[in-house]
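For reference, the structure discussed in these notes is given below.
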Amino acid sequence: TSVHGTGSSLPKLFHKSKIPWVRIQLPIYGGAAIRVEKELAGKFSRKYISKPTSTSLTNKSWHELVTVLAYTHSFETIGVYIGIDPLNALFGILAKRLYKNINSVVYYTADYAHMRFENKFANHVYHAIDKFVLHNADQVWNVSTKIYELRNMQGVPEGKNFFIPNTPLLDQIPS
């Protein structure tokens with residue numbers, strides 16, 4: 001089932017404000033194809049990328065990384081890369097360092113759990129990626145005040161740490 005959140009709201013705001021945008025949708029569940037949508041110079045296009053051949057989290061993540069790197073490399077300049085959740089933000093940080101064509105990476109924390117995975121190793125990797133991204137993203141956006149406060153306790157500087165509610169009423173923001 002499709003879930004609509006900030007990732008769905010931002011393109012609407014960008015369209016309204018005539019801001020060029022590209023969205024790479026990496027499906028939460030492995031059965032769907034990766035979707036790349038963009039609106040550049042007033043023209044909208046959508047392309048479906050083959051879904052990963054394996055449903056293992058590791059293979060799916062490598063497939064997504066390669067897709068994100070290929071698409072971010074194809075642009076001369078990217079003003080802002082918004083990565084929703086740690087892995088997507090990590091892909092943006094890697095692309096920024098590799099290609100030097102991304103001005104700013106935003107890590108949008110859509111949710112947070114101390115025990116994300118029952119598997120202790122997977123949970124450790126998740127938190128290691130989260131910590132790396134926190135300290136290497138240009139800004140950290142948090143879906144709740146509780147996560148915002150946690151990020152403060154984790155040492156994210158105040159000028160980099162922001163509370164941005166999930167699916168804010170973006171159409172009420174003046175263009």
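The values are calculated or read from the model by the stated rules, or taken from the named source; none is laboratory data. From a predicted model like this one, the values you see are computed outputs, not experimental measurements. Cβ atoms come from the backbone with ideal geometry, glycine included; neighbour counts cover every protein chain shown. Ligands, DNA and RNA are excluded from the accessible area calculation, which covers all protein heavy atoms including side chains. Shrake-Rupley method; radii C 1.70, N 1.55, O 1.52, S 1.80 Å.
Could you identify which residue out of TYR81, TYR108, TYR126 has the top mean-square fluctuation in a GNM of the chain using Cα springs shorter than 10 Å?
So, out of TYR81, TYR108, TYR126, the one fluctuating most is TYR126.
Rounded to the nearest 20 debye, what is the charge dipole size of segment 21-175 about its Cα centre when +1 sits on each Lys and Arg Cβ and -1 on each Asp and Glu Cβ?
Magnitude of the dipole: close to 400 debye.
Using amide H atoms built in the peptide plane, which far-off residues or other-chain residues are under 5 Å from ILE82 H to H?
Here the answer is VAL106, since their amide H atoms fall under 5 Å of that of ILE82.
Send over a whole-number figure in Å² for the accessible area per residue of the chain, probe 1.4 Å. Could you put the intermediate results ahead of the total?
Values: 10720 Å² over 175 residues.
I get 61 Å² per residue for the chain.
Given the chain, what count of lysine pairs have C-alpha atoms under 15 Å apart, with each pair 8 or more places apart or on different chains?
Eligible lysine pairs with Cα atoms under 15 Å apart amount to 9.
Ignoring ligands, DNA and RNA, what percent of the accessible area of the chain is carbon or sulfur (1.4 Å)?
60 percent
So what's the gap between the Cα centers of segment 64-90 and segment 6-23, to the nearest angstrom?
16 Å
Show me the helices of the chain, taken as full DSSP H stretches, that run 18 Å or more along their long axis by Cα and average 0.0 or above in Kyte-Doolittle hydropathy.
Working: long enough: 57-73 (24 Å, -0.05); 86-99 (19 Å, 0.78); 120-136 (24 Å, -0.19).
Helix filter hits for the chain: 86-99.
Could you identify which residue out of ALA110, ALA33, ALA41 has the top mean-square fluctuation in a GNM of the chain using Cα springs shorter than 10 Å?
Taking springs between Cα atoms under 10 Å, the residue moving most is ALA41.
In square angstrom, rounded to the nearest 10, how much accessible surface does ASP111 have for a 1.4 Å probe?
70 Å²
Would you mind calculating the gained length between PHE75 and SER54 on full extension (0.36 nm times residue separation, minus the Cα-Cα distance), in nm to one decimal? Don't skip to the answer; put the middle values down first.
On the way: separation 21, 0.36 × 21 = 7.56 nm, distance 2.85 nm.
Once the chain is fully extended between PHE75 and SER54, it gains 4.7 nm.
Relative contact order (percent) for the chain, with alpha-carbon contacts under 8 angstrom and 6 or more residues of separation?
Numbers: 244 pairs, mean separation 30.0, N = 175.
Relative contact order here is 17 percent.
I need the shape label for segment 76-175. Rule: rounded when a/c is under 1.5, else prolate if a/b > b/c, else oblate, with a, b, c from the alpha carbon gyration tensor.
Details: a/c = 1.81, a/b = 1.15, b/c = 1.57.
Taking the square roots of the gyration eigenvalues as a ≥ b ≥ c, segment 76-175 is oblate.
Applying 1/(1 + (r/R0)^6) with R0 = 35 Å to the Cβ-Cβ distance of LYS16 and ARG97, what FRET efficiency is obtained, to the nearest 0.05?
On the way: r = 32 Å, r/R0 = 0.92.
Using R0 = 35 Å, I get an efficiency of 0.65.
Just ILE19, ILE164, ILE93 to compare: in a GNM of the chain, with alpha carbon springs under 10 Å, which one fluctuates most?
It is ILE19.
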